[in-house]
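The values are calculated or read from the model by the stated rules, or taken from the named source; none is laboratory data. This one's a predicted model, so the numbers in the text were calculated from it and none came from an experiment. With ideal geometry, Cβ positions are generated from the backbone for all residues, glycine too; neighbour counts draw on all protein chains shown. In case anyone asks, the SASA skips ligands and DNA or RNA and just uses the protein heavy atoms, side chains included. Shrake-Rupley method; radii C 1.70, N 1.55, O 1.52, S 1.80 Å.
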Amino acid sequence: MKKYHLFDVFGIELEYMLVNKKDLKIAPQVDELLLLKQGEITSDVENGEIAWSNELVAHVVELKTNGPAKDLKKLSDQFHQNIVEINKLLAAKELQLLPTASHPMMNPLTDTQLWKHSYSEVYALYNRIFNCKGHGWANVQSMHINLPFYEDLEFEKLHAAIRVLLPLLPALAASSPIFEAKLTGFKDSRMQVYKTNQKEIPVLAGKVIPERVFSKAAYYKEIFEPINQAIKPYDTEKILEHHFLNSRGAIARFDRNAIEIRVLDLQECPKADLAIAMFVVEVLKWMIDHLDLGKLKLLHEDELFKILNETICSAEEANIENVEFLSVLGFTEKKYTAQEIWKELFEKVADKLNEETQQNLQVILKNGSLSTRILKALGENFSEENIVKVYLKLADCLQENKLFVS
């Protein structure tokens with residue numbers, strides 16, 4: 001395994017739903033898509049710079065960087081080319097990809113089909129323990145950002161910064177305001193169900209915000225060992241592995257010396273996802289270069305979890321009033337909205353972002369998270385017909401790689 005230093009390379013994963021073109025109903029046919037592309041059903045397809053794969057449920061396809069990528073700027077176009085190719089392959093079946101982190105009308109009890117091919121024994125075990133026919137398993141599409149670290153010193157800095165930034169991420173990326181054609185009351189419904197989808201074994205996700213551990217040895221002792229102990233009674237055949245089981249909002253992957261950020265809802269198009277990814281990366285660099293590492297490390301996951309709950313509920317409109325948290329980030333007032341914090345962070349790193357990325361981020365900072373924009377487009381009308389109308393526009397945004405403004 002080749003090791004990389006902080007921010008040398010990146011890994012991005014984007015998850016999309018397969019749906020019927022006319023009524024947007026869930027289509028559990030990813031195996032047919034992979035068969036069309038590859039001539040056989042495999043769990044992974046390498047397509048140049050981007051790879052396609054399936055995970056857990058039969059209606060979700062994951063697009064990911066095929067190995068570490070050096071340049072985030074190129075990825076929006078590369079992901080978009082793959083989306084166009086997939087939609088072309090699916091056209092004959094009257095299917096298409098749908099963006100956002102939750103299908104607005106899916107009933108997970110009736111619509112969920114688990115992946116039946118490779119890794120199916122892992123998924124069957126997960127289903128036996130947790131019952132994966134729920135929104136928290138079957139209706140949660142996200143973007144994952146993988147960031148490398150070389151050794152403990154770099155892990156310490158990166159983990160300290162990511163932990164503190166995690167609670168603010170839903171304010172930027174929430175895109176899941178609706179389940180089963182109803183308002184959930186949360187702008188980030190995906191993260192709301194993420195918190196409890198493994199309630200049978202709480203140690204797997206912890207408080208979503210990782211504990212204050214800043215070395216490989218401490219991580220194994222505080223996080224992996226309790227996970228391995230807790231899973232033993234369920235995993236008698238020893239199928240599951242601790243890297244795979246750890247479900248915090250950011251997970252350390254010591255098998256590839258990277259931290260994977262998992263609390264970002266999927267956006268309407270790669271241009272939006274990659275703008276957010278580049279923004280997050282530049283803010284983390286700024287935090288590592290300019291903030292007090294000792295103070296970052298002191299913030300407890302319980303306090304950070306409270307802030308996360310605020311942004312899961314209200315996204316950019318969340319009120320952030322934790323004085324210690326604000327002070328560590330260098331904010332002097334006693335109260336900010338999450339949107340105000342992101343605007344100030346944007347000012348700090350804007351000169352590191354290219355013009356197009358700045359413009360894309362301004363759409364989000366000005367008009368609010370995608371959840372806010374979806375709700376504005378729906379107005380008071382939550383009829384299935386109106387929901388389909390709005391989400392068909394989001395599918396067009398995906399096909400054309402353009403941001404959605406209602």
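Before anything else, pin down the relative contact order of the chain: Cα pairs under 8 Å, at least 6 apart, normalised by residue count, whole percent.
Working: 752 pairs, mean separation 81.6, N = 406.
RCO, the chain: 20 percent.
Calculate one ³J(HN,Hα) per residue across the range 203-211 by plugging θ = phi - 60° into the Karplus curve 6.51 cos²θ - 1.76 cosθ + 1.60, and present them in order as whole Hz with x for glycine and proline.
After applying 6.51 cos²θ - 1.76 cosθ + 1.60, I find 5, 5, 9, x, 9, 6, 6, x, 5 Hz.
Under 5 Å between amide hydrogens, which residues at least 5 positions from residue 198 or on another chain qualify, with H placed 1.01 Å from N in the peptide plane?
Those qualifying (amide H under 5 Å, at least 5 residues apart or on another chain) number zero.
Of the labelled options (1) 55, 28, 18; (2) 30, 26, 21; (3) 41, 27, 19, which one gives semi-axes √(5λ) of the Cα gyration tensor in Å as computed for this structure?
Checking each listed value against the structure points to (2).
Within the set 182/335; 207/393; 37/64; 73/402; 70/285, which residue pairs have Cα atoms separated by over 24 Å?
Numbers: 182/335 31 Å; 207/393 35 Å; 37/64 16 Å; 73/402 15 Å; 70/285 16 Å.
Long pairs (Cα-Cα over 24 Å): 182/335; 207/393.
In debye, nearest 20, what is the charge dipole magnitude of the range 262-368 about its Cα centre with +1 on Lys and Arg Cβ and -1 on Asp and Glu Cβ, if you could check?
Details: 12 positive and 21 negative charges, 30 e Å.
It works out to roughly 140 debye.
Hey, if we sort 137, 342 by accessible area with the 1.4 Å probe, largest down, what's the order?
Descending accessible area places them as 137, 342.
Order 286, 52, most accessible first, counting only protein heavy atoms with a 1.4 angstrom probe.
286, 52
For the chain, what is the accessible area per residue in Å² when the probe is 1.4 Å?
Values: 16470 Å² over 406 residues.
Dividing the accessible area of the chain by its residue count gives 41 Å².
Compute, for residue 221, the solvent-accessible surface of its heavy atoms (probe 1.4 Å) with the complete set of protein chains present, and express it in square angstrom to the nearest 10.
Here the residue's solvent-accessible area equals roughly 130 Å².
Which one of 318, 349, 330 has its Cα pushed farthest toward the positive end of the charge dipole of the range 290-351, where Lys and Arg give +1 and Asp and Glu give -1 at the Cβ?
330
Measuring from centroid to centroid over Cα atoms, what is the spacing of the range 360-406 and the range 217-257 in Å?
The two parts, judged by their Cα centres, are 37 Å apart.
Of 145, 28, 185, which is farthest towards the positive pole of the chain's charge dipole, taken about the Cα centre with +1 and -1 on the beta-carbons of Lys, Arg and Asp, Glu respectively?
In the chain, that residue is 185.
Amide H to amide H under 5 Å from residue 253: which residues, 5+ apart in sequence or cross-chain, H placed 1.01 Å off N in plane?
The list, which skips near neighbours in sequence, is 258, 259, 260.
Using the charge dipole of the chain (Lys, Arg: +1 at Cβ; Asp, Glu: -1 at Cβ; taken about the Cα centre), state which of 69, 266, 39 has its Cα farthest towards the positive end.
266
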